[in-house]
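Peer 1: Here it is: the structure, laid out below.
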């Protein structure tokens with residue numbers, strides 16, 4: 001398949017980055033060029049297809065704004081975001097798995113106390129969420145910072161409702177002396193990722209649906225431990241096997257138990273890796 | 001290097017495109033995902049680097065407009081444009097080599113006659129360009145449509161000067177009964193590609209210069225022949241070995257001869273492939 005002429009062109013482009021002062025940038029650019037060219041050669045990309053690709057990226061750029069990040073959506077739907085998360089969450093057996101941060105995390109979430117209702121007016125079936133935060137060796141972690149955020153019964157996050165003056169179904173909590181946490185909220189619904197842009201067009205052209213299974217977001221930080229960014233999914237959700245952004249991990253799925261009063265109970269214990277356990281794989285740059 | 005978990009994720013993403021109705025789109029998406037993931041795994045992309053990549057593409061999108069195509073510039077500087085051109089110009093020995101179209105081709109160029117001055121006020125040393133258009137078997141091609149465009153002595157194209165009311169150094173010509181063409185113009189200068197955007201920042205970070213060697217553009221079409229898009233470069237230009245967009249082909253470099261009156265003479269004969277010669281590699285879609 002490979003024409004020696006085309007291989008020579010690839011070498012020429014890689015060589016052009018030879019004087020890059022930052023060795024890591026040089027490594028990344030060389031690998032990017034080799035894989036980009038290998039893709040074009042493997043499919044023998046036509047000039048019309050190249051133009052379509054340029055126009056697609058141009059549309060992705062045009063719809064991206066302060067409120068909408070279509071490039072992240074593209075990375076998410078091509079599995080690149082989850083691959084990056086998976087590669088960078090070095091973890092020992094027993095530590096809770098990471099998953100994608102997603103586009104709905106924002107700063108400024110209100111602090112809430114143990115057992116508080118964080119829904120703040122978000123619509124949905126009442127729900128209690130509780131559990132413990134421990135180290136992988138089982139030691140309870142007191143005073144861990146737990147940030148939580150989620151969609152409401154309509155599958156919408158507070159930040160998707162510009163009319164809201166205050167955050168809903170979003171909070172910062174702290175574990176107690178026994179490492180325990182607990183809050184009340186509403187049951188989040190499954191939801192489609194924004195699909196009225198070029199990424200949505202790509203999903204339709206390839207007969208993929210835009211849905212994510214229902215989930216609760218957690219970001220858990222404690223001194224001496226690796227910060228954990230993850231979700232808790234609901235057993236039985238119809239989209240668990242086909243999450244549009246590939247974020248589901250088997251170990252993050254639990255039964256959300258129905259109580260006699262119609263409310264639900266979600267119990268999940270988190271296990272954090274010690275920071276020194278991942279020191280061998282530092283975040284680069 | 002490859003972690004089986006990450007391979008499994010890549011397979012899962014490729015499988016998600018299984019129901020794509022257009023088999024070519026399915027093939028392209030599967031290859032794109034495999035190569036994108038292989039790149040991320042090879043460099044073990046960090047989450048900070050992933051964010052930098054998203055921000056870079058966001059900046060490329062933001063600067064792109066009706067007058068500026070930064071995605072094409074990115075493709076050009078990574079050698080993807082030239083690779084696509086090279087793969088799609090199937091040609092028999094003796095046919096003139098193709099190169100990149102570039103971002104300065106526009107419709108509406110004025111028709112000019114044999115020997116006319118096409119400069120139309122563009123600044124620069126006078127220059128005559130002439131030669132023949134033939135088939136690869138040597139037959140002269142009468143009535144071939146030749147579109148020409150070029151930079152001026154300051155390295156600027158007419159479309160980069162919004163104050164101009166009419167085209168300059170840009171024309172549509174026709175070969176005579178013997179397949180000959182000829183026009184007068186000005187000598188184009190070498191020029192830097194637009195480098196005040198994110199692609200320019202990438203070039204600076206990797207110690208690459210933005211220059212293209214001086215060249216004349218040609219697009220030549222005739223019934224029964226493959227349309228040829230190419231350049232003619234000037235021997236001795238200091239940027240021939242380091243064209244920022246990798247468009248130089250040895251066979252397209254000729255001496256631009258100095259005449260006693262100070263003007264230059266560029267002589268170049270083009271050889272077009274017959275259309276049926278490339279029927280085995282049709283442009284896809």
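Peer 1: Residues B:86, B:93: which one is more than 8 Å from chain A (Cβ to nearest Cβ) and within 30 Å of residue B:225 (Cβ to Cβ)?
Peer 2: Checking each option against the conditions leaves just B:93.
Peer 1: Using the structure shown, decide if residue A:182 is in the same structural domain as residue A:109 (by TED's automatic domain parsing), in contact with a strand residue (DSSP E or B) (Cβ under 9 Å, 6 or more places away or on another chain) and outside any strand (DSSP E or B).
Peer 2: Criteria not met by residue A:182.
Peer 1: Hey, can you tell me all the residues within segment A:25-79 that are assigned to a loop (DSSP other than H, G, I, E, B), within 7 Å of chain B (Cβ to nearest Cβ) and over 20 Å from residue A:5 (Cβ atoms)?
Peer 2: Passing the criteria: A:64, A:78, A:79.
Peer 1: Residues in segment A:187-210 that are buried (at least 18 other Cβ atoms within 10 Å of the Cβ) and in a strand (DSSP E or B): how many?
Peer 2: Selection size over segment A:187-210: 1.
Peer 1: On to the next question. For residue B:6, work out the one condition from (1) modelled with pLDDT of 95 or more; (2) facing another protein chain (nearest Cβ under 7 Å); (3) outside any loop (DSSP other than H, G, I, E, B) it doesn't fulfil.
Peer 2: (1)
Peer 1: Count, please, the residues in segment B:76-113 that happen to be modelled with pLDDT of 95 or more and more than 30 Å from residue A:54 (Cβ to Cβ).
Peer 2: Final tally of qualifying residues: 2.
Peer 1: Restricting attention to segment A:9-24, which residues are assigned to a loop (DSSP other than H, G, I, E, B) and more than 7 Å from chain B (Cβ to nearest Cβ)?
Peer 2: Listed by number, the residues that qualify are A:18, A:22.
Peer 1: Which of the following residues is in the same structural domain as residue A:210 (by TED's automatic domain parsing) and touching a helix residue (DSSP H, G or I) at 6+ places or on another chain (Cβ under 9 Å): A:103, A:21, A:110?
Peer 2: It is A:103.
Peer 1: Taking segment B:234-250 only, how many residues are surrounded by 11 or more Cβ atoms within 10 Å (Cβ to Cβ) and either within 16 Å of the chain's Cα centre (by Cα) or within 18 Å of residue A:16 (Cβ to Cβ) (or both)?
Peer 2: Number satisfying all stated conditions: 11.
Peer 1: Of all the residues that make up segment B:229-251, how many are touching a residue at least 40 places away in the same chain (Cβ under 8 Å) and within 13 Å of chain A (Cβ to nearest Cβ)?
Peer 2: Residues in segment B:229-251 being touching a residue at least 40 places away in the same chain (Cβ under 8 Å) and within 13 Å of chain A (Cβ to nearest Cβ): 9 in total.
Peer 1: Inside segment B:78-111, can you point out the residues that are over 11 Å from the mean Cα position of the chain (by Cα) and surrounded by 20 or more Cβ atoms within 10 Å (Cβ to Cβ)?
Peer 2: B:78, B:87, B:88, B:89, B:95, B:96
Peer 1: Name the pairs whose Cβ atoms lie under 7 Å apart, with the first residue in segment B:262-285 and part of a loop (DSSP other than H, G, I, E, B), the second at pLDDT below 85, and 6 or more positions between them or separate chains?
Peer 2: B:273/B:91; B:273/B:92; B:281/B:90
Peer 1: Quick check on my filter: what residues within segment B:114-154 are under 25 Å from residue B:263 (Cα atoms), in contact (Cβ under 8 Å) with a residue 60 or more places away in the chain and part of a loop (DSSP other than H, G, I, E, B)?
Peer 2: Correct list: B:114, B:115, B:116, B:118, B:119, B:122, B:123, B:124, B:125, B:151.
So that you can scan it fast, the table gives a plain yes or no per residue for (1) closer than 30 Å to residue A:116 by Cβ; (2) within 13 Å of another protein chain (Cβ to nearest Cβ); (3) modelled with pLDDT under 95:
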{"site": "A:186", "(1), (2), (3)": "yes, no, no"}
{"site": "A:189", "(1), (2), (3)": "yes, no, no"}
{"site": "A:194", "(1), (2), (3)": "no, no, yes"}
{"site": "A:197", "(1), (2), (3)": "no, yes, no"}
{"site": "A:200", "(1), (2), (3)": "no, no, no"}
{"site": "A:207", "(1), (2), (3)": "no, yes, no"}
{"site": "A:217", "(1), (2), (3)": "yes, no, no"}
{"site": "A:221", "(1), (2), (3)": "yes, no, no"}
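The values are calculated or read from the model by the stated rules, or taken from the named source; none is laboratory data. In this text the structure is predicted, and so the values were computed from the model without any measurement. Cβ atoms come from the backbone with ideal geometry, glycine included; neighbour counts cover every protein chain shown.
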